[in-house]
1. Any residue at all in the range 102-119 that is more than 15 Å from the ligand (Cβ to nearest atom), among the β-branched types (Val, Ile, Thr), more than 16 Å from Leu157 (Cα to Cα) and loosely packed, with under 15 Cβ neighbours inside 10 Å?
2. Is it the case that some residue within the range 114-136 is closer than 20 Å to Ile60 by Cβ, assigned to a strand (DSSP E or B), touching a residue at least 24 places away in the same chain (Cβ under 8 Å) and under 16 Å from the mean Cα position of the chain (by Cα)?
3. Of the residues that sit in the range 29-45 and are assigned to a loop (DSSP other than H, G, I, E, B) and within 16 Å of the ligand (Cβ to nearest atom), which one is surrounded by the fewest Cβ atoms within 10 Å (Cβ to Cβ)?
4. Is it the case that the range 68-77 has a residue that's among the polar types (S, T, N, Q) and farther than 16 Å from Ser126 by Cβ?
5. What tally of residues in the range 13-71 results from selecting those that are hydroxyl-bearing (Ser, Thr, Tyr) and closer than 18 Å to Val181 by Cβ?
Amino acid sequence: MQDIIAGFLRFQAEVFPSRKQLFKELATSQTPKALFISCSDSRMVPELVTQREPGDLFVIRNAGNIVPSFGPEPGGVSATVEFAVSALKVSDIVICGHSDCGAMKAIATCACLDTMPAVKNWLRYSDAARMINEAKPHADERSRVDGMVRENVIAQLNNLRTHPSVALALAQGKLNLHGWVYDIGSGSIEALDMETNAFVPLASHPSARKPDGA
Ligand code: ZN
């Protein structure tokens, strides 16, 4: 804990003064352009891998970068999605999975989660992905987990589309959805090509060539 406190003191003494203008502007308003949904995993840091500043990304992080489909009792994730889309009017939502994801590994290897009932229950939102991934052949456990990570991103994009605010913004052409997978070991990102349903390097993905807002 001491290194966290020391980090804050360093931020207060060195970083904050050097970027006073940015924090002054942010003190009373925010206009993030994107909602970034990723895993809570300590190794995946959205602002670092996308080189964004404070104020740029509205972020949801949870175990498995999961978005429950919209239902009669919306929870925290649903409320945050709705706020980002309806109030902040983000133009893009990225769901970003990652390699070696503990949550996806637990699903892919059918790990016993009896001592973690909340996790077990939460991961049911990945059931569609689990069934699709299990129906595919896998050479080894690594490939089974990698497949689960990717199918989960696709399943959570589908869940996202069930949210009324998202459905409306999509119908009005005001919102773009993106599915990414970040590889921790290589620092690379693959993005889902919605036309082919395949993951391709982000640099060669069609969205990398579009101007902002297109
Ligand atoms: Zn994870």
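The values are calculated or read from the model by the stated rules, or taken from the named source; none is laboratory data. Only a predicted model underlies this, so the values are computations on that prediction, with no experimental measurement involved. Reconstructed Cβ throughout: ideal geometry from the backbone, glycine too, with neighbour counts over all protein chains shown.
1. Taking the range 102-119 as the starting set, the residues that turn out to be more than 15 Å from the ligand (Cβ to nearest atom) are 110, 112, 114-115, 117-118.
Among the residues that remain, those that are also among the β-branched types (Val, Ile, Thr) are: 115.
Next, from what is left, pick out any that are more than 16 Å from Leu157 (Cα to Cα): 115.
Then keep just the ones that are loosely packed, with under 15 Cβ neighbours inside 10 Å; that gives 115.
Yes, the range 102-119 has at least one match.
2. no
3. As a first pass, look at the range 29-45 and keep what is assigned to a loop (DSSP other than H, G, I, E, B): 29-33, 40-45.
Next cut, within 16 Å of the ligand (Cβ to nearest atom) only: 40-45.
Numbers: Ser40: 13, Asp41: 20, Ser42: 6, Arg43: 12, Met44: 20, Val45: 12.
Within the range 29-45, the match that is surrounded by the fewest Cβ atoms within 10 Å (Cβ to Cβ) is Ser42.
4. Filtering the range 68-77 down to residues among the polar types (S, T, N, Q) leaves 69.
Those still in the list that are farther than 16 Å from Ser126 by Cβ too: none.
Scanning the range 68-77, I find no residue that is among the polar types (S, T, N, Q) and farther than 16 Å from Ser126 by Cβ, so the answer is no.
5. Taking the range 13-71 first, the residues hydroxyl-bearing (Ser, Thr, Tyr) are 18, 28-29, 31, 38, 40, 42, 50, 69.
Those left that are additionally closer than 18 Å to Val181 by Cβ: 38, 40, 42, 50.
Looking only at that region, the number is 4.
Residues checked against (1) more than 16 Å from the ligand (Cβ to nearest atom); (2) not assigned by TED's automatic domain parsing to the domain that holds Trp122:
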{"position": "Glu14", "(1), (2)": "yes, yes"}
{"position": "Leu22", "(1), (2)": "yes, yes"}
{"position": "Glu47", "(1), (2)": "yes, no"}
{"position": "Pro54", "(1), (2)": "yes, no"}
{"position": "Ala63", "(1), (2)": "no, no"}
{"position": "Phe70", "(1), (2)": "yes, no"}
{"position": "Glu73", "(1), (2)": "yes, no"}
{"position": "Thr80", "(1), (2)": "yes, no"}
